[in-house]
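Input: a single structure, listed below in structure tokens.
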Amino acid sequence: MTKLNKKYREVEKILLQDREGLDLRWYRLRKGKSTSKKDANKFILGAIIDYQIPAQQAWDNSERLADEILGDPDNIWEEINKYSHKRWMGKFKQFRLHRFPKAHERIWKIGKRILEKYNGDTRNIWKDHTINNTLSNLLNLGMGKQISSMVIGALIDSHILNGKGDVKADLHVRRVLGRVFRAAEYLAREVDQVISLTHSIHKNNPWLLDRGLFLVGKNFCFSKRPLCTECKFKKVCKFYFKNK
Ligand code: SF4
């Protein structure tokens, strides 16, 4: 076994062991139980907002939009699309859903497509579909590759879909894998390298690495002054050996 292969196996072991004790519940998706239209719509709304802002803030903002601003409807998309595009964009500052106007606009645009294509019920995106078809449906809605991967993973974790998926290569995942394997985080433009690396670590189902990487990134592997001495990767981390 080459040195690199040995390292893949070590990282795989750490992450899979770690996963056994993790809480894998997803917002509004109930493991192994049927999901209502309202809950499925709320989950997808949160996923749409969950990029380029902290995850918790995104899910909190989606809940505020659905419950407080729109009045907790079954069909969130219908309520959003009661706003004209111009009026919706005029609510950017008042609603405070995302830091970027483009992301605020994305909610309206994807919502319109969900209304037109899935009759306002996001369960139709995955119902009776394979993982590959579901992924295509999400991409066609304009969800983007990383968010679509996260949605697929959440559906796998919740036993709604069966099969394998890819990690969401967000900042945490890119930073941890980059520091462990090359002593420097992967940049956003290097997402393909990150995905390929996760395939080398656990090709059977790279998605299973996602939560462990995310949590190490969020709780230990800070941009400045990472808590390496408390981190489970310290024995295999190139960044740690280089800087200790
Ligand atoms: S050992 Fe340090 S640099 Fe390496 S993954 Fe852990 S926190 Fe990040």
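The values are calculated or read from the model by the stated rules, or taken from the named source; none is laboratory data. Quantities reported herein were computed from a predicted structural model and do not represent experimental measurements. A quick note on method: Cβ atoms are made from the backbone with ideal geometry, for glycine too, and the neighbour counts reach across all protein chains shown. Surface areas here come from the heavy atoms of the whole protein model, side chains and all, with no ligands, DNA or RNA. Shrake-Rupley method; radii C 1.70, N 1.55, O 1.52, S 1.80 Å.
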* Structure fact -> All conditions in (1) surrounded by 14 or more Cβ atoms within 10 Å (Cβ to Cβ); (2) in contact with a Leu (Cβ under 8 Å, 6 or more places away or on another chain) are true of LYS91 except (2)
* **Only listed residue being surrounded by fewer than 21 Cβ atoms within 10 Å (Cβ to Cβ) and within 27 Å of LYS112 (Cβ to Cβ), chosen from ASN162, ASN132** => ASN132
* Check on PHE239, outside any helix (DSSP H, G or I) and near the ligand (Cβ under 9 Å from one of its atoms) -> no
* On the given criteria, is SER223 out of contact with any Cys (no Cβ under 9 Å at 6 or more places or on another chain), under 19 Å from ILE53 (Cβ atoms), within 15 Å of the ligand (Cβ to nearest atom) and not aliphatic (A, V, I, L, M)? -> yes
* To do: State which residue pairs qualify: first residue in a helix (DSSP H, G or I) and inside region 135-146, second residue open to solvent by 40 Å² or more (accessible area, probe 1.4 Å) in any location, beta carbons under 6 Å apart, and separation of 6 or more residues or different chains.
  => LEU141/ARG113
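To keep it simple, each residue is scored yes or no on (1) assigned by TED's automatic domain parsing to the domain that holds GLN94; (2) open to solvent by less than 60 Å² (accessible area, probe 1.4 Å); (3) in a helix (DSSP H, G or I); (4) in contact (Cβ under 8 Å) with a residue 12 or more places away in the chain.
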position: LYS7; (1), (2), (3), (4): no, yes, yes, yes
position: ASP60; (1), (2), (3), (4): yes, no, yes, no
position: ASP67; (1), (2), (3), (4): yes, yes, yes, no
position: GLU78; (1), (2), (3), (4): yes, no, yes, yes
position: LYS82; (1), (2), (3), (4): yes, no, no, no
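Yes/no matrix, rows are residues, columns are (1) open to solvent by 30 Å² or more (accessible area, probe 1.4 Å); (2) more than 17 Å from LYS7 (Cα to Cα); (3) touching a strand residue (DSSP E or B) at 6+ places or on another chain (Cβ under 9 Å); (4) modelled with pLDDT of 95 or more:
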residue	(1), (2), (3), (4)
ASP166	yes, yes, no, yes
HIS172	yes, yes, no, yes
VAL176	no, no, no, yes
ARG179	no, no, no, yes
ARG182	yes, no, no, yes
VAL191	no, yes, no, yes
LEU197	no, no, no, yes
ILE201	no, no, no, yes
ASN205	no, yes, no, yes
* Report whether or not LEU208 is free of Cβ contacts under 8 Å to residues at least 12 places away in the same chain and aliphatic (A, V, I, L, M). => no
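Which members of region 182-220 meet the condition of being in a loop (DSSP other than H, G, I, E, B) and more than 15 Å from the ligand (Cβ to nearest atom)?
Those that are in a loop (DSSP other than H, G, I, E, B) and more than 15 Å from the ligand (Cβ to nearest atom): LEU187, HIS202, LYS203, ASN204, ASN205.
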* Asked: Regarding HIS159, is this residue assigned to a loop (DSSP other than H, G, I, E, B), out of contact with any strand residue (DSSP E or B) (no Cβ under 7 Å at 6 or more places or on another chain) and more than 16 Å from the ligand (Cβ to nearest atom)?
  -> yes
* **Count - residues of region 28-54 that are without any contact (Cβ under 8 Å) to a residue 60 or more places away in the chain and either of a type in the set (Gly, Ala, Ser) or more than 18 Å from ILE80 (Cβ to Cβ) (or both)** => 7
